[in-house]
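The structure appears below as structure tokens.
The values are calculated or read from the model by the stated rules, or taken from the named source; none is laboratory data. Quick caveat, the model's predicted, so the values are computed rather than measured. When we count neighbours, we look across all protein chains shown, and the Cβ atoms used for this are built from the backbone with ideal geometry, even at glycine. What goes into the accessible areas is simple: the full protein's heavy atoms, side chains included, and nothing from ligands, DNA or RNA. Shrake-Rupley method; radii C 1.70, N 1.55, O 1.52, S 1.80 Å.
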Amino acid sequence: MREQERGGGSRGGREGRQELPPQSPEEQARAICLRLLTGSARTRRQLADALHKRGIPEEVSQEVLSRYEEVGLIDDAAFAGAWVESRHRGRGLARRALAQELRTKGVHATLVEEALEQLDSDQEEETARELVERKLRATRGLDRDKRIRRLAGMLARKGYPEGMALRVVRRALEAEGQEPHDTDDTDELGYPGE
């Protein structure tokens, strides 16, 4: 009975757990990287940032990350290609927005450019048309200028160039039956001239 009062019983506390020996920084770094990579692919910089936040020494971090690159667990080129494919198809993001996201994740500029080569301007414009078609109904009832601003603004937030966005929006409105405005009455963003 006294044993249980002091916490020596089999219930509660730490008795059921074995104490693990402290891990070396290398073991900690490997464990952190594997745990993060299990959830989803990561760039080398994302992993390096995670290791830094957890206090792993820089030289240990670089050694572990280099080894993971050698065996293919870290592949920034493959990450960038998959990211472009997924985000363009899934969210309709244009090259400019995709490039920004990849730079934020620490992908080298050369790898960003290579990944973006899989999107040509025709494909990008087709995606812009699809996005506008999906949003067109929601803008019905608004005046033409307001529709242009909303639809072109939506494309701009997804990284589409201004000229392409306006061209796609105007064509969609014309196809819907709205009369085209005289282009001299509007500026580049479709705002009425002053």
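Below, the figures for the structure above:
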| item | result |
| --- | --- |
| Some residue of region 127-135 being of a type in the set (S, T, N, Q) and closer than 30 Å to residue 176 by Cβ | yes |
| Residue 155 vs. criteria under 33 Å from the mean Cα position of the chain (by Cα), hydrophobic (A, V, I, L, M, F, W, C) and either open to solvent by 10 Å² or more (accessible area, probe 1.4 Å) or modelled with pLDDT under 95 (or both) | no |
| Close pairs (8 angstrom Cβ cut-off, 6 or more residues apart or separate chains): within 12 Å of residue 76 (Cβ to Cβ) in region 39-61, in a helix (DSSP H, G or I) and of a type in the set (Phe, Trp, Tyr) anywhere | 41/79; 42/79; 43/79; 47/68 |
| Any hit, region 74-91, residues being loosely packed, with under 14 Cβ neighbours inside 10 Å, without any contact (Cβ under 8 Å) to a residue 60 or more places away in the chain and not in a helix (DSSP H, G or I) | no |
| First in region 92-113 and free of Cβ contacts under 8 Å to residues at least 12 places away in the same chain, second anywhere and surrounded by fewer than 16 Cβ atoms within 10 Å (Cβ to Cβ) and among the charged types (D, E, K, R), Cβ under 8 Å, 6 or more apart | 109/103 |
| Answer from 107, 112 - the residue that is under 30 Å from residue 75 (Cβ atoms), outside any helix (DSSP H, G or I) and β-branched (Val, Ile, Thr) | 107 |
